[in-house]
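Enquirer: Just passing along the structure, written as structure tokens.
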Amino acid sequence: MYNNELVVMNSTRDAIRPIFPFTAIVGQEEMKLALILNLIDPKIGGVMIMGDRGTGKSTTIRAIADLLPQILVVQDDPFNSHPSNFELMSTDVKQRLEKNEEVISTLINVPMVDLPLGATEDRVCGTIDIEKALNEGIKSFEPGLLAKANRGILYVDEVNLLDDHLVDILLDAAASGWNTVEREGISIRHPAHFVLVGSGNPEEGELRPQLLDRFGMHAEIRTVKDPSLRVKIVEQRNLFDSDPYSCLEEYKEKQENLKNNILAAQQKLPDLSIDYALRVKISEVCSQLDVDGLRGDIVTNRAARALAAYMNKDSVDVDDIKTVIKLCLRHRLRKDPLETMDSGFKVQQVVDLVFDVR
């Protein structure tokens, strides 16, 4: 069952908020690929999407959540706990299971949480009611956006304008899969497994390199210049705005096919391997580009495996690596103020050299 199923009944139509279909989005292939690969393997580490205003960043990101099937959660649990996977459940649910108490499960749509720019740390992480803890001896926790986003997607628009401290918290939670709130000697810990997606306009400021490096992939998008393609994009948007349900119906089959491909890739991923020689070449590229740390190597390996699974291959080949490596490394290069070469082009040059493509 998918959260995008269409029901012809008018009352249901009114209840569903129409979402622009992902498969109807024209162009911006780099951004779309990065998002799909992160759905296949959330451990890639999220996506940072930087580009011009009005290029469809928010529309594409909100459309991607519609490609996922509903997930099984514990009913009325604020953390979207899984009813049987201990890594994806809250302490309260674990204790109930250990006491052999009945746990009721239900299906929900994959959470898609927007983090507003003005959000406080308490709103993001959650807060502990100290008064109730002191007076009644009860740990009373008000969950934040990280709890709501567990097992879903957390989207931060204009992430480059967000306070660095909050960005650090988001990245730590995304990397560890857990959120810990400590106050006045009281500690609460809950699962926070989510795909972190950030977007922004580079003209409004860049993220610090230390934070940018923590995003698994980095997609750059530009305003479409081809007049015929621009007309097609405008027509597509006008069609959806004038009759969204007809547009959804038109793309229903394509949406279903893409959903099935993503699910098949998720199942195939654990059995995929990368030849040792190719892994050495990936690390050689990272070394020649003087990439700090090993995140670049790890993410490129993960992304290449996810792409191979998506393409229904049994193993990773050179084409898979060349397709993803620019997305995985361009934001990890050291910035030289006097350098005029685009970072993506620089990555491509080294890749061609290492993989003997001339």
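Enquirer: Working only within the range 164-199, note down all residues that are of a type in the set (Asp, Glu) and either under 23 Å from Met31 (Cα atoms) or surrounded by 14 or more Cβ atoms within 10 Å (Cβ to Cβ) (or both).
Expert: Asp168, Asp172
Yes/no per residue for (1) in a strand (DSSP E or B); (2) farther than 30 Å from Leu211 by Cα; (3) modelled with pLDDT under 85:
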site	(1), (2), (3)
Ser84	no, yes, yes
Asn150	no, no, no
Val156	yes, no, no
Asn160	no, no, yes
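Enquirer: Which numbered condition trips up Ser242, out of (1) farther than 22 Å from Met31 by Cα; (2) small (Gly, Ala, Ser); (3) in contact (Cβ under 8 Å) with a residue 12 or more places away in the chain?
Expert: So Ser242 meets the others, but not (3).
Enquirer: For the range 57-80, what are the residues that are assigned to a loop (DSSP other than H, G, I, E, B), touching a residue at least 40 places away in the same chain (Cβ under 8 Å) and out of contact with any strand residue (DSSP E or B) (no Cβ under 6 Å at 6 or more places or on another chain)?
Expert: Answer for the range 57-80, where residues must be assigned to a loop (DSSP other than H, G, I, E, B), touching a residue at least 40 places away in the same chain (Cβ under 8 Å) and out of contact with any strand residue (DSSP E or B) (no Cβ under 6 Å at 6 or more places or on another chain): just Leu68.
Enquirer: Scan (1) farther than 25 Å from Gln210 by Cβ; (2) in a loop (DSSP other than H, G, I, E, B); (3) modelled with pLDDT under 85 for the single condition Leu117 breaks and write down its number.
Expert: Going through the list (1) farther than 25 Å from Gln210 by Cβ; (2) in a loop (DSSP other than H, G, I, E, B); (3) modelled with pLDDT under 85, Leu117 breaks only (1).
Enquirer: How many residues, within the range 112-131, are out of contact with any strand residue (DSSP E or B) (no Cβ under 6 Å at 6 or more places or on another chain) and among the aliphatic types (A, V, I, L, M)? Reasoning before the result, please.
Expert: First, the residues of the range 112-131 that are out of contact with any strand residue (DSSP E or B) (no Cβ under 6 Å at 6 or more places or on another chain): 116-124, 129-131.
When the remaining residues are screened for being among the aliphatic types (A, V, I, L, M), the result is 117, 119, 124, 130.
Number satisfying all stated conditions: 4.
Enquirer: Out of all the residues in the range 300-316, is one or more closer than 22 Å to Ile25 by Cβ, surrounded by 13 or more Cβ atoms within 10 Å (Cβ to Cβ) and in contact with a Cys (Cβ under 8 Å, 6 or more places away or on another chain)?
Expert: yes
Enquirer: Taking the residues in the range 86-106 that are part of a helix (DSSP H, G or I), without any contact (Cβ under 8 Å) to a residue 24 or more places away in the chain and acidic (Asp, Glu) as candidates, determine which candidate is farthest from Pro191 (Cα to Cα). Reasoning before the result, please.
Expert: Here is the first cut: in the range 86-106, the residues part of a helix (DSSP H, G or I) are 86-88, 91-98.
Going one step further and asking which of them are without any contact (Cβ under 8 Å) to a residue 24 or more places away in the chain, we end up with 86, 92-98.
Now restrict to residues that are acidic (Asp, Glu): 92, 98.
Values: Asp92: 12, Glu98: 18 Å.
It comes out as Glu98.
Enquirer: Here is a follow-up. Looking at the range 256-284, which of its residues are touching a residue at least 24 places away in the same chain (Cβ under 8 Å), over 18 Å from the mean Cα position of the chain (by Cα), part of a helix (DSSP H, G or I) and under 20 Å from Cys328 (Cα atoms)?
Expert: Correct list: Leu278, Lys281, Ile282, Glu284.
Enquirer: All but one of (1) modelled with pLDDT under 90; (2) in the same structural domain as Leu196 (by TED's automatic domain parsing) hold for Met217; which doesn't?
Expert: So the condition that Met217 fails would be (1).
Enquirer: Turning to a different aspect of this structure: For residues in the range 242-253 being of a type outside the set (S, T, N, Q) and farther than 13 Å from Ile19 by Cβ, which is surrounded by the most Cβ atoms within 10 Å (Cβ to Cβ)?
Expert: Taking the candidates together, the pick is Glu250.
The values are calculated or read from the model by the stated rules, or taken from the named source; none is laboratory data. In this text, all values refer to a predicted model and were calculated from it rather than measured experimentally. With ideal geometry, Cβ positions are generated from the backbone for all residues, glycine too; neighbour counts draw on all protein chains shown.
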